[in-house]
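Written out below as C-alpha cells is the structure these notes cover.
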Amino acid sequence: MLGRYNVLFLCTGNSARSIMAEAIMNRKGLPAFTAFSAGSHPKGEVHPAALRQIEIANLPAQGLRSKSWDEFVAPDAPKMNFVFTVCDNAAKEVCPVWPGQPMTAHWGVPDPAAVQGTPEQIDKAFRDAFMILDRRISLFLCLPLSSLDQLAIKKEIDRIGRQ
C-alpha cells in the first residue's frame, strides 16, 4: 500500500469517540491520511465534552459534526482505505459493520458519553477515551504501510485494537 489514505471511524452515535478519533487522525496523520467519522444512529450533535478534549489537545474542531454513515455510501463519497469501529461491545452497543473493500478493525473504547456522575468523573471518562484513541492512532501511524502486505496490515491493526 502506498499513497494517500482515507480512514473512517464509526460508532453508533457519532458524538464522542469517533469524532475525537477523526480530529486526532486529521492532525497526526497529515499529510498521508484524511479522517472522517460517522454513526449508524447519529445523535445529530457533537458532545460538548468531546469538543473540550479536542480543544485541550489544540486540535481543530471546525467542520466536526455528527452524521450518518449513509453519507459514505453515496456514489460521490470518498473511497475508504481503512474503517475502524470504536464502539464498545462490552457496553452492549449496536456496533456498525462496514460493507465493502476497506481494511477494517474493531478498536472498542468505552463510551464516555454514557458515564454519569460528577463533572470531574465525566471529564475523566472523556480524557481516558481520548488518550486510548490517541495512543492507538499513534501506533497505527507507525506501521510501515508501504512495505506491508494486506494480511500483515490487518494483523497489526487488530493487535493495536487490543491494546
Tell me which residues, restricted to segment 140-150, are surrounded by 14 or more Cβ atoms within 10 Å (Cβ to Cβ), assigned to a helix (DSSP H, G or I) and more than 15 Å from the chain's Cα centre (by Cα). LEU145
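Between ILE157, ILE132, ILE153, which is within 16 Å of the chain's Cα centre (by Cα), modelled with pLDDT under 85 and crowded, with 18+ Cβ neighbours inside 10 Å? Spell out the reasoning first.
On the way: ILE132 fails: modelled with pLDDT under 85; ILE153 fails: within 16 Å of the chain's Cα centre (by Cα).
After applying the criteria, what remains is ILE157.
Looking at ASP134, ASP158, can you tell me which residue is touching a residue at least 24 places away in the same chain (Cβ under 8 Å) and in contact with a strand residue (DSSP E or B) (Cβ under 6 Å, 6 or more places away or on another chain)?
On inspection, the qualifying residue turns out to be ASP158.
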I need every pair where a residue in segment 57-82 that is more than 13 Å from MET25 (Cα to Cα) has its Cβ under 7 Å from the Cβ of a residue that is modelled with pLDDT of 90 or more and among the polar types (S, T, N, Q), sequence separation at least 6 or different chains. SER66/ASN14; SER66/SER15; LYS67/ASN14; PRO78/ASN6; LYS79/ASN6; MET80/ASN6; ASN81/ASN6
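Within segment 102-139, count every residue that is basic (Lys, Arg) and part of a loop (DSSP other than H, G, I, E, B). First the steps, then the outcome.
So the first thing to find is which residues in segment 102-139 are basic (Lys, Arg), and the list is 124, 127, 135-136.
Narrowing further to those that are part of a loop (DSSP other than H, G, I, E, B): none.
Summing the residues that are basic (Lys, Arg) and part of a loop (DSSP other than H, G, I, E, B) in segment 102-139 gives 0.
The values are calculated or read from the model by the stated rules, or taken from the named source; none is laboratory data. No experiment lies behind these values; they were computed from the predicted model shown. We place every Cβ from the backbone using ideal geometry, glycine too, and count neighbours over all the protein chains shown.
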